[in-house]
Amino acid sequence: MKKNIGSIITTLLFLVFIFGMSIGTMAMKDRDFSEVENRNLSSRPKLTMKTLIDGTYGKDLETYSSDQLIFKDTMVKFKNQVLRTTGRTRINNVYLCKENMFIQEYREDTKTLTENLSYIRDWCKGNLDKNHTFVCIAPNASEIYDENLPAADMNQSESVSVSKAVDILGDAATVINPLESIKEHKDEYIYYRTDHHWTMLGAYYGYENAAKHMGITPIFLNDMNQIDVSEKFYGSLYSQAPLMITKPDDMTLYDYKDLKYSVSQLNYKTGEVLTESNSFIVEEDLTKKDKYAALFGGNFGCVKITNSQPNDEAKGKSLLVFKDSYANSIIPYFIGNYESITMIDLRYFDYMTNDISKLGLEGKYSDVLFMYNASFINSDTNFLGLEF
Amino acid sequence: MIFSSFTFLLYFLPAVLLVYYAAPRKIKNYVLLLFSLVFYAWGEPKYVFLMILSIIIAYLFGLYIYNQKQKNQIGKAKIALAVPVVVNIAFLVFFKVAYTTGMLPLPIGISFYTFQVMSYIIDVYRDDAKLQRNPFSLGTYVTLFPQLIAGPIVRYQTVADQIDDRRETFDKFSEGVVRFSTGLAKKVILANGIGYLFTEIQALPHNEISVVTAWIGAFAYTFQIYFDFSGYSDMAIGLGKMFGFDFLENFNYPYISKSITEFWRRWHISLSTWFRDYVYIPLGGNRKGIGRQYINIAVVWGLTGLWHGFGWNFFAWGMFYCVLLIVEKSFLLKRLEKIPAVFAHIYTMFLVIISWVLFAIEDANALLSYVKSMFGIGGVTFADNRALFYIVNYGGMFIIAIIACTPITKKIKTWVCKNGDAIYKNVAIPVAVLVLLSLSVAFLAGESFNPFLYFRF
């Protein structure tokens, strides 16, 4: 019987594994959302004669089973870690770089990029003049930390794209390229390790540079309150390529010491106020996984910031901002420079019912700022809204 | 349904194991038949009836053939043989053409079960196998889910006795577990991981494919098709063992071959032996002179190509091997045996890789473009940044793939079993199985790319 022991062990091991995985998965309560992967998980599909016969039940059951698999998060991280061990340096367009840094790949999508820049140019031409129209293109980490990228990479430089922006926007707007200013501070914590955004510190250096072009006096960072809000921020890039061994991010925000201001989400057309707050920091998002949303609570169609104590320079001045999520880190610094700031995110703005193409003239804004990161202009598909 | 899915691993497999081993001996075949029909119908609810029809025809005509032969009515028996054979070939040709022209989806496994059904009826006619009087047993044989979708093509005579007389043992089950785990890992980790590379490279604009990149892509497909197909065969054989069946091997480390002749004794063995026994030998094989032999070889290889797909590239692929085999048979093989093994190996793999490119790309222009890239024709750079990127990113996995193509793990296993303590045998193998299963589940869980190449056959 001795020679059978191995067979018995192998058999039992297999049965325990298969039945354990099966029973474990079925017994555990379904999750709606995966914090690690930052996505919704599918729920149990309904079994009907139709879906069984046409195959959709089978597909949905497979997706559901994979999503709700016992130890799913661990399995996903384990796979990526094993891939990394075999030499893989890029997973899901995210480079796994030294010093625990994730860097999103940038590759120019010339068609989309030039289309978007054309939409911006067309809007600018129909609104305020070049001296009051600014397009600030924030660099991404891949540009600042290109030497952190792995030995062989397919990443492209953003400078080619930025020159295209300068060419296309030409006389329609003032292009602000804060790359060099930000790069001087690359040894400081200016980009998140696990997220595709810049930190508020990195955004500050962008603001410093933009202020020069915009003719406003930049506030000093030392005059603001430094608030360390988290040491356990696992950002968007981590969710694209979760690993077992990761160093999370610290999150530090800067808010005003004395200045009183209010932040409201608005229905632009009716002016109806949907929410109101006295700070751009939304604390309850700090307890969730996507801590970056602590800035303004995320992205909304229209957000208005009103400065209740404008100084002489700010009095009477209003700023219109077309934004992406990078803007959430930098716009707070502008609060003291204007009496009001209106932020519009084209991804969530109802441009069908608003005359967006003439917005710059209608709202009596002093300045217009397009605040986007390079990767967004290269890929987003909502700039079409500017034509409405 | 496919083995490398959670539907199979979490629900189907535990259920069929539980019910099978709980059922009394007399019911066990019915359990397999029922579960196999569910397994098949899961993906193809309508086409399951086509398969059942094929089985019923084979069963009825099998009976008739047997009876006619008992009465010495050979003529009638011959006609009776022709009917199911023609019907199955007609099904196969019809659906392959319909699929190639994009009119209908291809019924899963049709190339496999039609060949199995034909093997039954031909074996009964030739007295190579006993008539199966129980239609459900015949059904069990044809639909047996381990080999239903992607082979191996199990000849009726191989399992005829096992259908009604087999014993499940811990030893056999354990062997099955090892085979299944190995196959699953090959498919989910190696085939899927490397296969994606070829898909990506092939889609690149022509001027972005350097010579090195083109070869990396060709190697990637070469690995993908081997690990996909042999992995599936491993799982099939492994699952067979779990239910007490012994199927024949379908792959025997084909990429260590030192000649094309040897390659085809190691690749998709069940298909080449099927064609040998049911086409080549009946046509006369090599017993009717050299001219006739070459014709017979050409017929077999033309059919082999078309079995894979009704496209010109599959036919050309078959004829490519036809020519090579004839050349080797006439004089080259003897020369190959005299040169150092490494050169013979390089010669073989070079041709095999080229043949896979022909097999993989169905569009003539795309194929020509790709081959140009492989040989640096038409202003293609030799190596570029992208090629370097692929080498760095996939090199590790390629090395693992190369090792997995050789019998080295088999040799280690044999050595461990011989020299090591019994404890090693009782620990090393279970541990290896656990590692393979865990990795496979992890790779499957983190997956977005899980194609199945032989699904179109």
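The values are calculated or read from the model by the stated rules, or taken from the named source; none is laboratory data. Since we're looking at a predicted model, the values are computed, not measured. Here the Cβ is made from the backbone with ideal geometry for all residues, glycine too, and neighbour counts use every protein chain on show. These area figures cover heavy atoms from the full protein model, side chains too; ligands, DNA and RNA do not enter into them. Shrake-Rupley method; radii C 1.70, N 1.55, O 1.52, S 1.80 Å.
Remarks
- Computed from Cα positions, the angle between helix A:5-27 and the longest principal axis of chain A comes to roughly 40 degrees.
- P(r) tail fraction, the protein assembly as shown - alpha-carbon pairs more than 40 Å apart, %: 50 percent
- Selection of chymotrypsin sites (Phe, Trp or Tyr not before Pro), region A:334-363, meeting DSSP coil and at most 15 other Cβ within 10 Å: A:Y348
- Taking amide H positions as modeled 1.01 Å from N, with prolines and chain starts lacking one, the residues under 5 Å from A:V229 and 5 or more places away or on another chain are A:M251, A:T252, A:L253.
- Cross-link pairs exceeding 30 Å between alpha carbons, from the set B:K288/B:K410; A:K111/A:K232; B:K78/B:K172; A:K29/A:K289; B:K78/B:K258: B:K288/B:K410; A:K111/A:K232; B:K78/B:K172; B:K78/B:K258.
- Region A:1-45 - accessible surface per residue (Å², probe 1.4 Å): 64 Å²
- With the convex hull drawn around the C-alpha atoms of region B:1-49, the volume per residue stands at 60 Å³.
- Shielding of B:15-22 by partner chains, average beta-carbon count, 10 Å: 1
- Square roots of five times the Cα gyration tensor eigenvalues for chain B, Å: 36, 29, 22
- With Cα atoms as the point set, region B:199-270 shows a radius of gyration and Dmax of 16.4, 54 Å.
- Whole-number Å³ per residue for the convex hull built on Cα positions in region A:185-321: 138 Å³
- Hits among aspartates and glutamates - C-alpha to C-alpha of A:K291 under 13 Å, sequence gap 8 or more where chains match: A:E35, A:D195, A:D228, A:E231, A:D249, A:D250, A:E283
- The relative contact order of region B:234-288, computed from alpha carbon pairs under 8 Å that lie at least 6 residues apart in sequence, is 24 percent.
- Interface B:A - total buried accessible surface [probe 1.4 Å, Å², rounded to 100]: 4300 Å²
- Largest-first ellipsoid semi-axes for region A:137-183, taking √(5λ) over the Cα gyration tensor eigenvalues, angstrom: 24, 12, 5
- Mean Kyte hydropathy of 1.6 or more with a Cα span along the axis of at least 24 Å, helices from DSSP in chain B: B:74-100, B:341-360, B:422-445
- For region A:209-219, 3J(HN,Hα) computed residue by residue from phi via the Karplus equation (6.51, -1.76, 1.60; θ = phi - 60°) reads 5, 5, 4, 4, 5, 8, x, 10, 8, x, 6 Hz, glycine and proline entered as x.
- Axis of helix A:159-169 versus longest Cα principal axis of chain A: the two differ by about 40°, to the nearest ten degrees.
- Helix A:110-125 axis, angle to chain A major axis (alpha carbon atoms, nearest 10°): 30 degrees
- Looking at region B:51-115, the trypsin sites (Lys or Arg not before Pro) that sit in a DSSP loop and have at most 11 other Cβ atoms within 10 Å of their own Cβ are B:K71.
- Low-density loop positions, trypsin sites (Lys or Arg not before Pro), region A:22-66 - DSSP coil, at most 15 other Cβ in 10 Å: A:K29, A:R31, A:K46
- Ranked from largest to smallest solvent-accessible area, with a 1.4 Å probe on the protein heavy atoms, A:K291, A:K358 come out as A:K358, A:K291.
- Placing dummy labels 7 Å off each Cα toward the beta-carbon, the span from A:T381 to B:T414 is 5.7 nm.
- Cut-off under 5 Å, modelled amide H: who pairs with A:L295 long-range: A:V282
- DSSP loop GluC sites (Glu not before Pro) with at most 14 other Cβ within 10 Å excluded, longest remaining stretch of chain A: A:100-183
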